[in-house]
Each structure stands twice: as C-alpha cells, then as structure tokens.
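This report concerns only the one structure given below.
The values are calculated or read from the model by the stated rules, or taken from the named source; none is laboratory data. In this text, all values refer to a predicted model and were calculated from it rather than measured experimentally. Every residue, glycine as well, gets a Cβ built from its backbone with ideal geometry; the counts of neighbours run over all protein chains shown.
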Amino acid sequence: MKLVFILGDAAVGKMTVGQELMKITDLRLFHNHMTIEPVLEIMGCFDGQLINDMRELIFRRFAASDNCGLIFTYMMAFDMQSDWDYLEHVKSIFAPYGTEFYYVELIAPQAVRLRRNASANRLAHKPSKRDVEISNQRLLRDDANHRCVSCPGEILFENYLRIENADLSPAAVAEMIRDRFGL
C-alpha cells in the first residue's frame, strides 16, 4: 500500500492536486474536509475530537483494506509539534501493513492562495469556505499565527517533494508527483 501526504498552507491546492492525482493513479483521495464538513453540518460547530475520531476509523479501515493506496491532504503547521506528531500517528496506523510513505509539500504566495480560496472547485467541496470573506480572514490569521511552509532542509522524510505550484496546473503537479514517485 502507498500513502501520499499532500501538505501545505490553506488554499494552496492540496485537494485539487489530490483530485488530479487520483485520476491518474490507483490511489483514493481523502481530503481533510471530508470529515470536517459533515461534523460542521451535523454538530453545528467545529469538533476537533470528533473529526479526528472519524479520520482514525477511516485510516484504520483503509490501512487494512486491499486498496492500492491513499492520498491524504493536511494543512500542516510546521511550527507545531502536534502536527508533526499527527503525521507520525497516521503513519503508525499504516506501517504494520508494509505501507510506503510519500510526502508532497505545496507552496504558493498568499495572493495566489487568496485567489484560489474562492475557486468554484474549492467552494463546491468545502461548504464552510463559502463565506469567502470569513474564509479569507481565517487564511490571513493562520498565516500570521503559524508557519505553514517548511524551512529549507527541515523536511528529512524519505520520498519528499516540494513543489511551488503558483504557476502550475493541478494536473501538471499531479503528473510531477506520479512521475517522481512512480505511482
């Protein structure tokens, strides 16, 4: 089995690249809002523990399945140890199954991400982002409070790829990932 983490800042294109990568590989996509949106809809508020519980169940079932692999998107705050710990936790679920791990970090300037924050695809799959003004405020606040871009040399994972995707199509980025890792 293969597990591809697509990491990066808000609205950098993680989900959209993941969608394109799923089209050209046998991997399935699990973008982070697939658990966030139902919890918001049902509970009426953000419940981080419930979101994590749902993800945990999905990861455990998927890891034990006969599927080829999974693409998981995650907004990574590189300055938060808890985010590093979470990646290791997810890996620990898949590791007993002989999983190969791949890491892709997407980066793009804030102006590009603000523009992408209102894209039709993003708004279609992430209802909580449809109030674009509030979503933009969250993006700016996250940028001010966290470092969601790695520092050069900080990522020491084997099978790591950093892509500046401001001027690349999601399909082109997906092809780069597929070709680099032989997916």
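Output yes when any residue across the stretch 96-109 is surrounded by fewer than 16 Cβ atoms within 10 Å (Cβ to Cβ), out of contact with any Ser or Thr (no Cβ under 8 Å at 6 or more places or on another chain), of a type outside the set (Gly, Ala, Ser) and part of a helix (DSSP H, G or I), and no when none is.
yes
Of the residues 5, 94, 59, 101, which single one is of a type in the set (Phe, Trp, Tyr) and out of contact with any strand residue (DSSP E or B) (no Cβ under 7 Å at 6 or more places or on another chain)?
Details: 5 fails: out of contact with any strand residue (DSSP E or B) (no Cβ under 7 Å at 6 or more places or on another chain); 94 fails: out of contact with any strand residue (DSSP E or B) (no Cβ under 7 Å at 6 or more places or on another chain); 101 fails: out of contact with any strand residue (DSSP E or B) (no Cβ under 7 Å at 6 or more places or on another chain).
Exactly one residue qualifies, and that residue is 59.
I'd like the full set of residues that are at pLDDT 95 or above and under 14 Å from the mean Cα position of the chain (by Cα), limited to the stretch 76-100.
77, 78, 83, 84, 86, 87, 90
Go through (1) part of a helix (DSSP H, G or I); (2) more than 24 Å from residue 147 (Cα to Cα); (3) touching a helix residue (DSSP H, G or I) at 6+ places or on another chain (Cβ under 8 Å) and name the single condition residue 90 misses.
Going through (1) part of a helix (DSSP H, G or I); (2) more than 24 Å from residue 147 (Cα to Cα); (3) touching a helix residue (DSSP H, G or I) at 6+ places or on another chain (Cβ under 8 Å) one by one, residue 90 breaks only (2).
May I ask you to say which residue of 159, 145, 67, 165 is among the polar types (S, T, N, Q), loosely packed, with under 14 Cβ neighbours inside 10 Å and at pLDDT 95 or above?
Working: 159 fails: loosely packed, with under 14 Cβ neighbours inside 10 Å; 67 fails: loosely packed, with under 14 Cβ neighbours inside 10 Å; 165 fails: loosely packed, with under 14 Cβ neighbours inside 10 Å.
One residue alone meets the criteria, 145.
So which residues in the stretch 20-42 are in contact with a helix residue (DSSP H, G or I) (Cβ under 7 Å, 6 or more places away or on another chain) and part of a helix (DSSP H, G or I)? Give the derivation first.
Looking only at the stretch 20-42, we keep the residues that are in contact with a helix residue (DSSP H, G or I) (Cβ under 7 Å, 6 or more places away or on another chain), and these are 20-21, 24-25, 27-31, 33, 35-37, 39-40.
Selection gives 20, 21, 24, 33, 35, 36, 37, 39, 40.
May I ask you to list the residues in the stretch 127-148 that are in contact (Cβ under 8 Å) with a residue 40 or more places away in the chain and over 22 Å from residue 80 (Cβ atoms)?
127
So which of 161, 140 is aliphatic (A, V, I, L, M) and farther than 30 Å from residue 25 by Cα? Don't jump to the end; show me each part of the working.
On the way: 161 fails: farther than 30 Å from residue 25 by Cα.
Just a single option satisfies the conditions, and that option is 140.
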